[in-house]
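One structure is given below, encoded as structure tokens.
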Amino acid sequence: MKLINNTSTLLYNDKYQNQVKHSVELDMSIVTKDRLKSLIVDKALLVDDESNFQLASGDKSNYFFDMKLVSMDPEGSELIAEEIFKLIQNENIDFIGGLESGAIPIASVVANYSYRYQKPIPAFFVRKTPKKRGTNKIIEGNLPNNSRVVLVDDVMTKGESVLIAVEKVRELNCHVEKVITIVDRMAGAKENLKKHGIELVALFKKTDFDL
């Protein structure tokens, strides 16, 4: 009877410790994401009702995310890597990459972060036009055929830019089913990617910034 009671106590303690650990992880995740949002607001978000910022999609807007000011910031890049790695660490992913130039610092820092956690995911990037010297490659990095790939981008509007990367990666028979962006401007990217069998996951949406 005493042994049974001890066993029950051990099981209860293990369950309690796991619950506490999960709760702490959730709390830390909230803290990390809130801090990342603060950095984006402080460093990257520009709002001017009298300005018309030209977007990559060709549209004009009164707000603009200069996201490289966060993705290339020491703290910002670490927070981005942590949030994205949490989304893919348990998935069967071979490579992470995206279109130059917004995706380059993101893919690179996630690759570095993944190595630290002993789940290395190499990075690559897709050029908008082939390099006209050396190897003339359009994809930089060792991306073998038939790899399982996640693409990243800093800001998504309609998804047209990332679809260029999707096309080039799929020419290698690589499998792309997910794109992760830091901010979704909610201007059609999610719907456009869905037409190509791709899920868009955003760390933030424009509504998170009261836009």
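Computed from the coordinates by the stated procedures, all read-outs in this text should not be read as laboratory data. Here the structure is a predicted model, which means the values were calculated and not measured. Heads up, the Cβs are rebuilt from the backbone with ideal geometry, glycines too, and the neighbour counts pull from every protein chain shown.
Side notes on the structure shown:
- Chain lengthening between Leu172 and Asp59 when straightened (0.36 nm per residue, less Cα-Cα): 37.5 nm
- Of the options (1) 0.97; (2) 1.20; (3) 1.04, only one is Cα Rg over 2.2 N^0.38 Å as computed from these coordinates, and that is (2).
- Mean residue ellipticity, 222 nm, helices only, the chain: the sum of -39500 (n - 2.57) across DSSP H runs of n ≥ 4, divided by residue count and rounded to 500, is -13500 deg cm²/dmol.
- Across region 2-209, the relative contact order, built from alpha-carbon pairs under 8 Å that are at least six residues apart, equals 14 percent.
- Ignoring the sites themselves, the chain has its longest run without GluC sites (Glu not before Pro) in a DSSP loop having at most 11 other Cβ atoms within 10 Å at 92-170.
- Rounded to the nearest 10 degrees, the inclination of helix 160-170 to the longest alpha-carbon principal axis of the chain is 70 degrees.
- Taking the DSSP bridge list for region 2-209 and keeping only pairs wholly inside it, about 25 percent are antiparallel.
- Whole-angstrom gap from region 151-211 to region 48-111, using each part's C-alpha centre: 11
- Degrees separating the helix 2-39 axis from the principal Cα axis of the chain, which is the longest one: 20
- Close amide-amide hydrogen proximity is noted between Lys178 and Leu151, Glu199, each under 5 Å apart and 5 or more residues distant or on a separate chain (H modeled in the peptide plane; Pro and chain starts excluded).
- With Cα atoms, 0 to 90° folded angle of helix 74-88 axis to the chain main axis: 70
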